[in-house]
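Here is the structure we will look at, set down as structure tokens.
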Amino acid sequence: MELLEQYILQKGTVLPGNVLKVDAFLNHQIDPVLMQALGQAFSERFKKTGITKIVTIESSGIAPAVFAGLEMGVPVIFARKKKSVTLQDHLYTSTVYSYTKKESNDISVSKAFLTNEDTILIIDDFLANGQAAIGLLEIAEQAGAKVAGIGIVIEKSFQQGRSLLEKTGIPVYSLARIASLENEQIEFIRED
Ligand code: 5GP
């Protein structure tokens, strides 16, 4: 998506460890005009797939997920992160290792909001090694919900997340795909 690539080039910075900092429009300050465009792009791709709910993870997935939910007219659930949520039987839970924070968090979703009648779209801000998305897939599985797709704002295609997720057969749709961040240069993969 050209608009998103422009934002990344103009406002993103590359940090050591192949981390792209996008605090200026996605991870700290949020640009609503861009978020609306992201929401429209996700909706355009998935609107015919019978989505009943969007599921994301706090906190940086929430903004793009809400705009997609607005476009598609469906509720948005964000999985909560806590150090430990064991022994709480009203929750679906999974454990996610964070690429940027180098720590594990339990994530949880209340059983009240996700059931086997739901078809969900998973949305997240970044796809790196795929751990966050896999945690959300585990939660969907516990609920018996169908997963129609995974929508990612920024995919770092040089990490293993996409190939891991593609093995599930679930469509992965990324609005920007980064081939490399080497030497602080941002290189995109362009499909058209
Ligand atoms: P994964 O679980 O796919 O390894 O990593 C995805 C999660 O890690 C995202 O939810 C995001 O919060 C964080 N993340 C991974 N790589 C980056 C990055 O380069 N920049 C930022 N800002 N967050 C990242």
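Using Cα pairs under 8 angstrom and six or more residues apart, how large is the relative contact order of the chain, in percent? Show your work: numbers first, answer last.
Working: 385 pairs, mean separation 35.4, N = 192.
Over the chain, the number comes to 18 percent.
Were the residues from Glu166 through His90 laid out at 0.36 nm apart, the gain over their Cα-Cα distance would be 24.3 nm. Taking R0 as 22 Å, what's the FRET efficiency between Lys48 and Glu191 from their Cβ-Cβ distance, rounded to 0.05? About 0.65, to the nearest 0.05. Per residue, the accessible area of region 2-189 comes to 49 Å² when a 1.4 Å probe rolls over the protein heavy atoms. Carbon-plus-sulfur accessible fraction, region 2-189 (probe radius 1.4 Å, protein heavy atoms only): 49%.
Computed over neighbours whose Cβ is under 11 Å from that of Asn18, the net charge equals -1, Lys and Arg +1, Asp and Glu -1. For region 22-103, what is the number of Lys pairs with C-alpha distance below 18 angstrom, counting only pairs 8 or more positions apart or on separate chains? Final tally of qualifying lysine pairs is 6.
With viscosity set to 1.306 mPa s at 10 °C, what whole-number translational diffusion coefficient in µm²/s follows for the chain from Stokes-Einstein and a Kirkwood radius over Cα pairs?
Details: Rh = 16.7 Å.
The diffusion coefficient I find is 95 µm²/s.
In a Gaussian network model over the chain where Cα atoms closer than 10 Å are linked, find which of Leu15, Leu175, Leu165 has the largest mean-square fluctuation. Comparing Leu15, Leu175, Leu165 in the GNM, the peak value goes to Leu15.
Hey, got the dipole for the chain? About the Cα centre, +1 on K and R Cβ, -1 on D and E Cβ, debye to the nearest 20?
Approximately 380 debye in magnitude.
Cross-link reach is defined here as a Cα-Cα straight distance under 18 Å, omitting same-chain residues fewer than 8 places apart; for Lys11 the aspartates and glutamates meeting it are Glu2, Asp23, Asp31, Asp125, Glu155, Glu182, Glu184, Glu187. Against the chain, whose longest principal axis comes from its Cα atoms, helix 131-143 is set at around 20 degrees.
Local charge sum around Ile8 (other residues, Cβ-Cβ under 15 Å, Lys/Arg +1, Asp/Glu -1)? Residues near Ile8 contribute -3 overall. Helix 32-46 and the longest principal axis of the Cα set of the chain meet at an angle near 60°.
The values are calculated or read from the model by the stated rules, or taken from the named source; none is laboratory data. Bear in mind that the values here come from a model prediction, so they are computed numbers and not experimental data. Glycine gets a Cβ as well: all are built from the backbone with ideal geometry, and neighbour counts include every protein chain shown. Keep in mind that these areas ignore ligands, DNA and RNA; they rest on the heavy atoms of the full protein, side chains included. Shrake-Rupley method; radii C 1.70, N 1.55, O 1.52, S 1.80 Å.
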